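Each remark here refers to the structure printed beneath this line.
All of the numbers you see were taken from the coordinates with simple rules; none came from a lab. Quick caveat, the model's predicted, so the values are computed rather than measured. Cβ sites come from the backbone with ideal geometry, for glycine too, and all protein chains shown count toward neighbours.
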Amino acid sequence: MNDTMKWWQKTIAYEIYIRSFYDSDGDGIGDLNGITEKLDHLKSIGAGALWLTPCYRSPQADNGYDIADYYEIDEMFGTMDDMERLIHEAGRRDIRIVMDLVFNHTSDRNPWFIESSSSRDNPKSDWYIWRDAKPDGSAPTNWRGIFGGSAWTWCEARQQYYLHTFLKEQPDLNWENPDMRNALYDAASYWVKKGAGGFRMDAVTYIKKPEFRDGVPDYGDGMCAIHNMTANTEGILDFLHEFKDRVQKGNDIFTVGEANGVSAADLPLWVGDKGVFDMVFEFGHVVIDLKDETNWAERRDWTLKELKHLISESQKNTAESGWYPVFFENHDQPRCVSHYFPSDADRKMTGRLIGTLMYTLRGTPFVYQGQELGMQNVSWNDINDYNDISTKNHYDFLISEGYSAQQAMEAVHHFSRDSARTPMQWTAGKNAGFTTGIPWLKINDDYPECNAASESEDMTSVLSWYRRLSVLRDQHRELIDGSYLEIMKDNDQIFAFTRRNDTHEAVILLNFTGQAVSYDKEIIEGAELLITSADHTKGRLQPYEAAVFERRV
């Protein structure tokens with residue numbers, strides 16, 4: 001293997017949505033000690049980095065993404081001693097802990113905001129984004145927040161509006177203020193000293209604000225989506241280079257940015273030695289079925305050729321400089337076996353297919369909790385069963401736009417963030433083995449069949465397949481350090497590519513359809529079959545089959 005590769009390029013990353021992972025104390029909410037208890041499970045699928053969703057002190061208006069104190073652990077998740085124990089026990093297994101940095105906004109209960117909102121002449125008065133009302137008293141612009149409603153909220157004490165890209169309880173920080181930036185860098189450095197192995201940067205494309213002006217209304221409410229007005233504003237990279245110099249330089253950590261609004265063509269500016277992050281999540285392939293991200297009811301048909309193109313463009317634009325985080329699920333996205341395949345597709349086969357794609361593309365795979373089990377979307381028919389504020393706001397928005405309750409609920413079934421947030425399914429027992437108490441969110445109905453204990457005993461399960469893929473990736477190094485080349489580009493049934501280094505070439509064939517599909521046998525000429533998810537016949541892939549071949553070069 002290329003000796004210049006970093007540790008985080010060779011490993012598997014795993015995202016943990018803490019409140020739903022494992023509850024160690026019976027209060028119905030996952031916690032840090034629960035993660036520590038399950039480290040061996042994570043090691044079994046090759047995890048070497050655990051990205052934790054925010055566990056800082058928070059009022060939980062947005063499940064922890066509203067931070068009241070960057071230096072404290074929220075008591076619902078445990079204590080600082082629990083965090084230090086987790087870092088230590090993970091380190092004993094060669095696993096690093098990656099913290100989620102929410103630096104676009106804080107909680108409105110953060111002491112910084114409390115002080116800033118108290119008057120116009122306090123030391124932190126300019127740490128957030130304040131603007132006067134329009135002459136008629138209305139909000140400074142017509143921007144609609146990502147969770148719906150105006151992106152501006154009136155503050156009586158200051159007689160001004162403050163900006164919030166998300167909830168009103170999440171006021172946006174003013175990155176133009178150097179004192180505020182220094183406070184954020186100090187918080188990040190604190191966690192590096194604690195032993196953090198890296199950072200995921202939440203909503204980072206929104207930190208630089210443009211000119212504050214009205215946008216063209218895009219729906220009947222007369223407002224314009226804030227994302228269209230603020231994402232990836234010119235000058236943002238200057239801030240992020242400063243973060244890199246102040247926090248990352250000289251430390252053996254990695255950074256990955258949530259870069260909604262950054263295209264594959266922009267990646268060379270964002271990643272690599274001259275970029276600002278080691279990796280960035282960009283979302284073209286996970287929003288492929290949405291006409292408009294603000295309207296879940298308006299879905300579009302997509303083709304495999306489109307999906308292949310999006311992924312291959314990202315591979316191409318990080319081939320020379322930078323690295324790619326391979327993902328198909330996270331805490332904000334639907335379950336991939338429900339997202340990319342028909343409802344009647346075999347969950348076991350499609351789960352293994354996506355796992356194979358993740359572990360064989362060039363980059364660091366980011367597995368989301370439960371993905372290694374093949375967990376599916378939930379289809380609850382009562383909006384009151386859902387917890388996610390974004391889901392409820394989207395449902396209300398669709399009703400207000402004239403969609404029927406049935407249409408709104410179908411959209412929720414496809415895109416609700418709660419599908420990814422239902423508790424992890426450990427056993428076929430009560431509450432799927434997640435908690436001895438009352439779970440904070442309903443358990444997915446499929447847990448008697450889809451759970452870690454049952455799948456550990458089934459050699460054909462999605463979990464067993466992920467464990468095999470982990471070994472395969474370690475033993476066949478071209479799957480880590482090899483180049484990527486798409487083949488069969490015009491085929492709308494098979495995703496095929498090669499990974500090649502100085503000694504070996506792997507050929508990966510993935511049938512994305514529910515029918516058997518033929519392929520040219522010359523593609524695998526001289527190659528040995530390493531792994532297949534079905535009974536493979538040379539020249540033919542079974543429905544949803546994933547097959548990996550290897551030959552010497």
Identify, among 302, 338, 553, the residue whose Cα sits farthest towards the positive end of the charge dipole of the chain, taking +1 on the Cβ of Lys and Arg and -1 on the Cβ of Asp and Glu, with the dipole about the Cα centre.
-> 553
Point-charge dipole on Cβ atoms (K/R +1, D/E -1) for the stretch 483-552, about Cα centre, debye to 20 = 80
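Taking GluC sites (Glu not before Pro) as exposed when DSSP calls them loop (any state but H, G, I, E, B) and at most 10 other Cβ atoms lie within 10 Å, what is the longest stretch of the chain free of them, the sites themselves excluded?
321-524
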List every residue whose amide H lies under 5 Å from the amide H of residue 173, counting only residues 5 or more places away in sequence or on a different chain, with H placed 1.01 Å from N in the peptide plane.
-> 105, 106
Of all DSSP beta bridges with both partners in the chain, the antiparallel percent, nearest 5, is 55
Pairs from 134/244; 134/208; 6/43; 489/538; 43/442; 124/194 whose Cα-Cα separation, in the structure shown, is over 29 Å = 134/244
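What FRET efficiency, computed as 1/(1 + (r/R0)^6) with R0 = 35 Å and r the Cβ-Cβ distance, is obtained for residue 309 and residue 245, rounded to the nearest 0.05?
0.50
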Structure-derived mean projected area of the Cα convex hull in nm²: which label, when the choices are (1) 24.5; (2) 43.0; (3) 32.8 | (1)
Segment residue 442-residue 379, extension gain: residue separation times 0.36 nm, minus the distance between their alpha carbons | 21.5 nm
Loop-located trypsin sites (Lys or Arg not before Pro) in the stretch 271-362 whose Cβ has at most 16 other Cβ within 10 Å (DSSP) | 274, 291, 300
Amide H neighbours of residue 255 at under 5 Å, excluding residues fewer than 5 places away on the same chain, with H built from the backbone geometry, are 199, 278, 279
How large is ³J(HN,Hα) for each residue in the stretch 344-356, as worked out from phi by the Karplus curve 6.51 cos²θ - 1.76 cosθ + 1.60 (θ = phi - 60°), to whole Hz, x for Gly and Pro?
-> 9, 5, 5, 4, 5, 5, 5, x, 6, 4, 5, x, 5
Projected-area average for the stretch 318-437 over all orientations - Cα convex hull basis, square nanometres | 9.7
Dividing the Cα radius of gyration by the Kirkwood radius, what Rg/Rh value follows for the stretch 91-199?
-> 1.08
Extreme residue, positive dipole direction of the stretch 184-318, given options 222, 190, 271 (C-beta unit charges) = 190
Once both label points are put 7 Å beyond Cα along the C-beta direction, the residue 535-residue 491 separation in nm becomes 2.2
The stretch 450-518-the stretch 358-378 distance, computed between alpha-carbon centres (Å) | 12
Report Rg (one decimal) and Dmax (nearest whole number) for the stretch 396-508, counting Cα atoms only, units Å.
-> 21.0, 60
Which one of 104, 35, 49 is farthest out on the positive end of the charge dipole of the stretch 17-154, using unit charges on Cβ (Lys, Arg +1; Asp, Glu -1) and the Cα centre as origin?
-> 104
Based on a Kirkwood Rh over C-alpha pairs, give the Stokes-Einstein translational diffusion coefficient of the stretch 483-552 at 37 °C and viscosity 0.692 mPa s in µm²/s.
-> 272
Per DSSP loop assignment and a cutoff of at most 15 other beta carbons within 10 Å, the chain keeps its longest run without exposed chymotrypsin sites (Phe, Trp or Tyr not before Pro) at 303-553
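Per residue, what volume in Å³ does the Cα convex hull of the stretch 204-277 take up?
Numbers: hull volume 7.4 nm³, N = 74.
Dividing the Cα hull volume of the stretch 204-277 by its residue count gives 101 Å³.
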So how strong a dipole does the chain carry about its Cα centre when Lys and Arg Cβ are +1 and Asp and Glu Cβ are -1, to the nearest 20 debye?
-> 1060
Please give the calculated 222 nm ellipticity per residue for the chain, where each DSSP H segment of at least 4 residues contributes -39500 (n - 2.57) and the sum is spread over every residue; nearest 500 deg cm²/dmol?
-> -7500 deg cm²/dmol
Whole-angstrom gap from the stretch 83-122 to the stretch 45-76, using each part's C-alpha centre = 7
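Report the Rg/Rh value for the stretch 1-102, based on alpha-carbon coordinates and the Kirkwood definition of Rh.
For the stretch 1-102, the value is 1.00.
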In the P(r) worked out for the stretch 196-353, what percent of Cα pairs fall beyond 26 Å?
-> 37
